[in-house]
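Single-structure report; data block below.
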Amino acid sequence: MHILSAERRHIKSISEFQVDMANETESLKLDPLNTEKGVTAIFDDPSKGEYLICEIEGKIVGCLLTLYEWSDWRNGNVIWVHSVYVKPEFRKKGIYKKLYEKVQSKVKNNPEFLGIRLYVDKRNNVAQEAYKSLGMTNEHYELFEWMQ
């Protein structure tokens, strides 16, 4: 199992993962071409964020996206984890844990970063338990949104 920074050659796989995740978690049918453009935008402007992938025997089996949020309260960046996906046949094998540990290491080894945040669908109990098992808490905030 290898955790790597994604490269442009991984765009297609990451895009397919996102389409699959939206369908699985929200019964949402994403436009694959538009999703691929969205993934490509991260590679076109790396200041937006970074994808990490998990590779097993040369095959991509999982990914996540990290984005940055400036905290004026703390004078540093919080890393937001988005777009977490692990192929169903590879779940419960520690793949998300390894991806998370890579992000956590980045925070621990760089004073610019203050912590990690993510949001999760309220109905996704499996994911919530995974996040809690890694020491994350949900005690401070509720997420509100307005989407057009």
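The values are calculated or read from the model by the stated rules, or taken from the named source; none is laboratory data. This one's a predicted model, so the numbers in the text were calculated from it and none came from an experiment. Cβ sites come from the backbone with ideal geometry, for glycine too, and all protein chains shown count toward neighbours. Accessible surface areas use protein heavy atoms only, side chains included; no ligands, DNA or RNA. Shrake-Rupley method; radii C 1.70, N 1.55, O 1.52, S 1.80 Å.
Grab every C-alpha pair in the chain, bin the distances at 10 angstrom width from 0 up to the longest one, and report whole percents.
That works out to 10, 40, 39, 11, 0, in percent per bin.
What is the percent carbon and sulfur in the accessible area of segment 43-130, measuring with a 1.4 Å probe over the protein chains and ignoring ligands?
The nonpolar share, carbon plus sulfur, comes to 49 percent.
Just the number, please: Stokes-Einstein D of segment 69-116 in µm²/s, Kirkwood Rh from C-alpha pairs, 37 °C, 0.692 mPa s.
Estimated diffusion coefficient is 273 µm²/s.
For segment 92-144, take N as its residue count and report Rg(C-alpha) divided by 2.2 N^0.38 Å.
Normalised Cα radius of gyration, segment 92-144: 1.22.
Calculated FRET efficiency, residue 132 and residue 7, Cβ-Cβ r, R0 30 Å, to nearest 0.05?
It comes to 0.40.
Could you pull out every one of the aspartates and glutamates with an alpha carbon less than 20 Å from that of residue 108, ignoring same-chain neighbours closer than 8 positions?
50, 69, 72
Please tell me which of these pairs span more than 26 angstrom C-alpha to C-alpha: 87/122; 37/132; 48/102; 59/132; 37/93; 87/132?
Where the Cα-Cα span goes over 26 Å, the pairs concerned are 37/132; 59/132; 37/93.
Report the local net charge at residue 97: Lys and Arg +1, Asp and Glu -1, summed over other residues whose C-beta lies under 14 Å from its C-beta.
+4
Show me, for segment 137-148, the HN-Hα J-couplings you get by feeding each phi into the Karplus relation (A = 6.51, B = -1.76, C = 1.60, θ = phi - 60°), rounded to Hz, glycine and proline as x.
Each residue's phi maps through the Karplus curve to give 10, 10, 8, 9, 10, 10, 9, 10, 8, 9, 10, 9 Hz.
Just grab the label-to-label distance for residue 71 and residue 93, each label 7 Å out from Cα along the Cβ direction, in nm (one decimal).
Rounded to a tenth, the inter-label distance reads 3.4 nm.
Just to confirm, what accessible area per residue do you get for the chain at 1.4 Å probe, in whole Å²?
That works out to 68 Å² for each residue.
Starting from the Kirkwood radius over alpha-carbon pairs of segment 4-73, derive D by Stokes-Einstein at 37 °C in a medium of 0.692 mPa s and give it in µm² s⁻¹.
Result for D is 254 µm²/s.
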